[in-house]
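In what follows, a structure is listed as structure tokens, so that the remarks can point back to it.
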């Protein structure tokens with residue numbers, strides 16, 4: 001009895017302080033749990049509020065006639081709420097974008113992972129990242145000014161705002177996603193496969209095309225799915241170049257017809273709709289449909305990538321996701337579909353010279369293949385891969401060059417420090433710059449503590465189980481939610497339901513929700529990179545869990561967390577859709593004096609100048625350049641922090 | 001050596017970054033015999049092996065000087081077609097590395113990339129190669145299953161079959177048994193015994209008993225140099241160099 005008591009007290013030490021520290025540890029853990037669970041709460045709130053405002057239209061019109069109704073006329077004499085043309089529009093733009101982006105991206109990914117020298121790679125990868133960093137409104141602006149004009153002139157049609165323009169532009173925007181995820185997939189094919197194939201005497205191209213790419217196929221598929229998700233959820237760029245007529249192209253493959261996507265509809269109509277009307281409900285109905293589509297797309301990509309990662313960890317002797325026989329037939333099916341789409345596109349829509357060239361090439365390939373030696377085939381393949389890479393780079397250069405050359409003359413001290421005059425045709429953009437800074441700093445101030453807390457909970461406090469899976473799914477869902485849906489949610493929940501009004505605060509909260517998954521993920525990554533031995537070392541000295549986290553784990557993880565935060569700031573600074581209905585006004589001569597006033601913001605300013613104010617061409621380009629520099633500036637700081645501290649910690 | 005030799009190196013030097021990894025190695029590999037390369041870790045035996053099929057080309061910052069020939073033709077010349085070379089000089093790796101394809105596709109991969117399309121011909125090659133690698137009976141019922149489902153020893157024999165399907169003259173083996181259990185190792189060793197009827201085998205091994213069991217000739221390497229090379233019996237029983245004797249008797253390693 002005595003003995004038990006003695007050992008008992010020896011382990012629990014002086015019971016008062018022990019209990020206090022136990023309570024402290026418990027409450028810290030609880031706080032982190034709630035920050036982590038916040039993502040799940042947000043997702044359910046988004047779903048809840050979209051459904052709340054969208055449900056009436058489903059019950060009124062009926063879900064089938066809402067989905068399949070052939071006419072969208074929410075403001076006509078006879079009101080019609082059929083979103084079929086919008087669904088078809090989204091589908092067609094997506095197909096077009098993929099026809100454009102997939103071959104270029106995969107070519108570029110192969111070049112990056114297999115052909116580029118380490119030196120070339122060092123310059124090429126930031127170029128691709130830069131393409132990802134350009135804000136979508138800047139893409140839209142470029143598309144509106146340069147691309148649609150190019151299409152109008154070269155096809156001799158009255159306006160260039162077409163399916164084709166939208167597809168090319170969104171294809172460009174999907175490039176960096178597909179390139180970087182596929183490159184990752186190809187690079188992480190085990191080195192042994194490559195050696196094994198080369199040692200048999202296969203050429204480099206045979207090794208790439210028959211071993212590396214097939215082995216990376218599910219990763220590449222996930223990359224394409226993520227690219228599709230990016231295209232389907234994009235609002236601003238597509239709104240600016242697609243023409244936005246809610247019609248089904250006639251005939252269906254007429255890619256010079258204008259069309260309208262689900263997302264663009266919000267950009268056009270949300271501003272004018274009266275809250276609570278049938279039309280308002282119909283728009284939220286569209287948001288529900290859009291959210292469901294994008295969530296399915298993103299979750300399937302995430303599932304594929306996660307399966308791959310877990311498979312790698314368990315070693316090679318596991319069952320593949322799908323058996324090789326199914327894979328083969330799926331591959332053949334995809335091949336046939338791909339060829340059919342390409343043929344339709346070529347015969348019906350492409351200019352005759354392109355069609356002739358491709359058919360000629362295909363014919364020559366079909367009949368000449370057997371006469372070509374493997375070396376010649378390799379030369380041709382590498383030539384095409386190089387060409388794809390050059391095209392990707394050329395696109396980047398053209399966009400940057402256009403904006404820099406035309407924007408530079410607008411930059412002046414006055415432009416940066418004066419409020420706009422004459423609807424932004426003259427004067428400066430000072431309030432917009434400050435407004436954007438307020439918005440992003442507020443957003444990160446909200447997102448950072450929540451995100452870091454969530455990541456700490458996920459990495460340090462729990463084992464993988466049902467709850468972490470729920471939280472992870474919440475984060476994935478949040479990550480896959482299109483930015484326009486955040487905007488609608490912010491409008492319905494913060495602006496209206498909480499009665500905050502269109503204000504700086506509403507915009508900051510909306511942006512914070514949007515970047516939250518990025519903060520969580522980057523923080524998780526940097527926490528996972530801290531070796532387990534450090535934690536064990538600290539715990540073995542009798543430190544509590546929180547002491548270990550705060551003194552041993554967090555300090556070396558700070559650079560990674562900061563990098564993630566700055567990346568999030570850059571992303572938030574370029575976004576238009578989330579703040580369009582929650583925070584911004586087009587013109588305000590004064591800076592906001594409280595959190596409850598609306599502000600000006602650079603991306604929205606650019607959007608209005610480009611679409612609604614004729615004759616502001618210098619100031620348009622000036623605004624685009626400033627926005628671009630701001631965003632790229634944030635990204636460069638993030639990359640600098642990352643590389644600088646990586647070197648430091650590695651010694 | 002009285003035998004005709006198939007591969008020979010003269011004053012072969014290799015630098016990796018600043019490290020002088022192979023130092024004037026001169027060696028003759030006799031035809032249709034098993035030659036073992038032994039020596040402590042990092043002595044350059046695997047590097048030497050990878051010179052024979054120029055797999056070192058894959059590594060950046062490698063510089064090579066000196067002469068290597070296969071059938072009196074230079075291996076290292078810029079004009080040498082590495083693809084043809086690797087067809088003649090096959091390789092089996094330390095860790096079994098079957099492709100993530102079916103068993104059949106793994107073996108058919110080599111002939112296919114070298115232009116054989118006829119299904120019947122491929123079938124014959126696959127069967128013969130698998131038989132030759134002593135794994136046919138274990139897999140004939142499930143040729144279309146994934147190769148990744150085989151055991152480690154089976155995977156390694158599949159990799160040997162994959163190499164045989166290309167009909168090489170020389171087979172390089174880089175510690176082919178180091179990832180295998182004793183039973184699987186014994187099977188591979190028996191296989192090597194039979195392979196030398198048709199092929200020249202060069203095997204890198206850590207395991208001196210293995211070298212003694214399977215090889216006809218042995219080369220001992222130490223710190224990038226070829227210390228001694230000769231008939232296996234002579235190397236193990238009457239080594240000329242003190243270093244060799246120390247290593248074999250286990251005084252360092």
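The values are calculated or read from the model by the stated rules, or taken from the named source; none is laboratory data. Here the structure is a predicted model, which is why all the values come from computation and not from measurement. When we count neighbours, we look across all protein chains shown, and the Cβ atoms used for this are built from the backbone with ideal geometry, even at glycine.
If I filter segment A:230-241 for residues that are more than 30 Å from residue B:92 (Cβ to Cβ) and surrounded by fewer than 19 Cβ atoms within 10 Å (Cβ to Cβ), do I get at least one hit? Reasoning before the result, please.
Going residue by residue through segment A:230-241, those that are more than 30 Å from residue B:92 (Cβ to Cβ) are A:230-241.
Applying the additional criterion that residues be surrounded by fewer than 19 Cβ atoms within 10 Å (Cβ to Cβ) yields none.
Within segment A:230-241 (the criterion being more than 30 Å from residue B:92 (Cβ to Cβ) and surrounded by fewer than 19 Cβ atoms within 10 Å (Cβ to Cβ)), the answer is no, since none of the residues qualifies.
Within segment A:116-125, can one find any residue that is more than 14 Å from every other protein chain (Cβ to nearest Cβ), in a helix (DSSP H, G or I), in contact with a helix residue (DSSP H, G or I) (Cβ under 9 Å, 6 or more places away or on another chain) and within 30 Å of residue B:57 (Cβ to Cβ)? Working first, answer last.
Keep residues of segment A:116-125 that are more than 14 Å from every other protein chain (Cβ to nearest Cβ), which gives A:123-125.
This time we only want the ones that are in a helix (DSSP H, G or I), so: A:123-125.
Those still in the list that are in contact with a helix residue (DSSP H, G or I) (Cβ under 9 Å, 6 or more places away or on another chain) too: A:124-125.
After this cut, where a residue has to be within 30 Å of residue B:57 (Cβ to Cβ) as well, the list is A:124-125.
Yes: one or more hits.
Got at least one residue in segment A:410-422 being in contact (Cβ under 8 Å) with a residue 24 or more places away in the chain, within 30 Å of residue A:172 (Cβ to Cβ) and under 26 Å from the mean Cα position of the chain (by Cα)? Let's see the steps before the verdict.
In the first step, residues of segment A:410-422 are kept if they are in contact (Cβ under 8 Å) with a residue 24 or more places away in the chain; the result is A:410-411, A:415-416, A:419-420.
Filter once more, keeping what is within 30 Å of residue A:172 (Cβ to Cβ): A:410-411, A:415-416, A:420.
Adding the requirement that they be under 26 Å from the mean Cα position of the chain (by Cα) leaves none.
The answer is no; no qualifying residue exists.
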### Query
Can you find a residue in segment A:363-379 that is surrounded by 14 or more Cβ atoms within 10 Å (Cβ to Cβ), more than 14 Å from every other protein chain (Cβ to nearest Cβ) and either modelled with pLDDT under 90 or closer than 30 Å to residue A:250 by Cβ (or both)?
no
### Sole residue being surrounded by fewer than 23 Cβ atoms within 10 Å (Cβ to Cβ) and closer than 13 Å to residue A:196 by Cβ, chosen from B:119, B:101
B:101
## Note on the structure
Selection from segment B:64-82 of residues surrounded by fewer than 14 Cβ atoms within 10 Å (Cβ to Cβ) and within 13 Å of chain A (Cβ to nearest Cβ) yields B:81
### Query
Do we have residue B:130 as more than 7 Å from chain A (Cβ to nearest Cβ), under 21 Å from residue B:176 (Cα atoms) and either part of a helix (DSSP H, G or I) or in contact (Cβ under 8 Å) with a residue 12 or more places away in the chain (or both) here?
yes
### Summary
Restricting attention to segment A:363-403, the residues that are in a helix (DSSP H, G or I) and over 29 Å from residue A:124 (Cβ atoms) number exactly 8
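When you scan segment B:111-127, how many residues do you find that are at pLDDT 90 or above and either assigned to a strand (DSSP E or B) or within 8 Å of chain A (Cβ to nearest Cβ) (or both)?
Taking segment B:111-127 as the starting set, the residues that turn out to be at pLDDT 90 or above are B:111, B:118-127.
Next, only the ones that are either assigned to a strand (DSSP E or B) or within 8 Å of chain A (Cβ to nearest Cβ) (or both) stay: none.
Here the count works out to 0.
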### Summary
Taking segment A:423-446 and keeping residues in a loop (DSSP other than H, G, I, E, B) and without any contact (Cβ under 8 Å) to a residue 24 or more places away in the chain leaves A:428
### Task
Go over the candidates B:193, B:245 one by one and state the one that is more than 20 Å from the chain's Cα centre (by Cα), assigned to a helix (DSSP H, G or I) and surrounded by fewer than 22 Cβ atoms within 10 Å (Cβ to Cβ).
B:245
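Of all residues in segment A:153-164, how many are out of contact with any strand residue (DSSP E or B) (no Cβ under 8 Å at 6 or more places or on another chain) and crowded, with 23+ Cβ neighbours inside 10 Å? Talk me through it step by step, then tell me what you get.
Narrowing segment A:153-164 to residues out of contact with any strand residue (DSSP E or B) (no Cβ under 8 Å at 6 or more places or on another chain): A:153-158, A:160, A:164.
Subsequent filtering for residues that are crowded, with 23+ Cβ neighbours inside 10 Å retains A:160, A:164.
So the count comes out to 2.
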### Query
Among the residues of segment A:500-521, is any touching a helix residue (DSSP H, G or I) at 6+ places or on another chain (Cβ under 6 Å) and free of Cβ contacts under 8 Å to residues at least 40 places away in the same chain?
no
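Does residue A:100 meet the test of being under 30 Å from residue A:450 (Cα atoms) and at pLDDT 90 or above? Break it down stepwise before answering.
Values: under 30 Å from residue A:450 (Cα atoms): no; at pLDDT 90 or above: yes.
No.
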## Note on the structure
Going through (1) assigned to a loop (DSSP other than H, G, I, E, B); (2) under 21 Å from the mean Cα position of the chain (by Cα) one by one, residue A:463 fails only at (2)
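Suppose the filter is within 14 Å of chain B (Cβ to nearest Cβ) and in contact with a helix residue (DSSP H, G or I) (Cβ under 7 Å, 6 or more places away or on another chain); does residue A:234 pass it?
Numbers: within 14 Å of chain B (Cβ to nearest Cβ): no; in contact with a helix residue (DSSP H, G or I) (Cβ under 7 Å, 6 or more places away or on another chain): yes.
Criteria not met by residue A:234.
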### Message
Looking at (1) closer than 23 Å to residue A:344 by Cα; (2) touching a residue at least 24 places away in the same chain (Cβ under 8 Å), which one does residue A:234 not meet, given that it meets all the others?
### Response
(1)
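Restricted to segment B:133-151, and to residues that are part of a helix (DSSP H, G or I) and at the interface with chain A (Cβ under 8 Å from one of its Cβ atoms), which residue is surrounded by the most Cβ atoms within 10 Å (Cβ to Cβ)?
Residues of segment B:133-151 that are part of a helix (DSSP H, G or I), as a first pass: B:136-142, B:147-149.
Next cut, at the interface with chain A (Cβ under 8 Å from one of its Cβ atoms) only: B:148-149.
Details: B:148: 20, B:149: 17.
Ranking the candidates gives B:148 first.
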### Query
In segment B:196-227, which residues are assigned to a strand (DSSP E or B) and more than 10 Å from residue B:37 (Cα to Cα)?
B:200, B:201, B:222, B:225, B:227
### Task
Determine whether segment A:227-240 contains at least one residue that is within 13 Å of residue A:170 (Cβ to Cβ), in contact with a strand residue (DSSP E or B) (Cβ under 7 Å, 6 or more places away or on another chain) and assigned to a loop (DSSP other than H, G, I, E, B).
no
### Summary
Flagged in segment B:153-187 as assigned to a loop (DSSP other than H, G, I, E, B), more than 11 Å from chain A (Cβ to nearest Cβ) and over 21 Å from residue B:209 (Cβ atoms), in numbering order, are B:169
### Query
more than 9 Å from chain A (Cβ to nearest Cβ), in contact (Cβ under 8 Å) with a residue 12 or more places away in the chain and more than 23 Å from residue B:17 (Cβ to Cβ) - does that describe any residue in segment B:43-63?
no
### Summary
Looking across segment A:209-227 at residues that are surrounded by fewer than 24 Cβ atoms within 10 Å (Cβ to Cβ) and more than 20 Å from residue A:310 (Cα to Cα), the single one that is farthest from the other protein chains (Cβ to nearest Cβ) is A:224
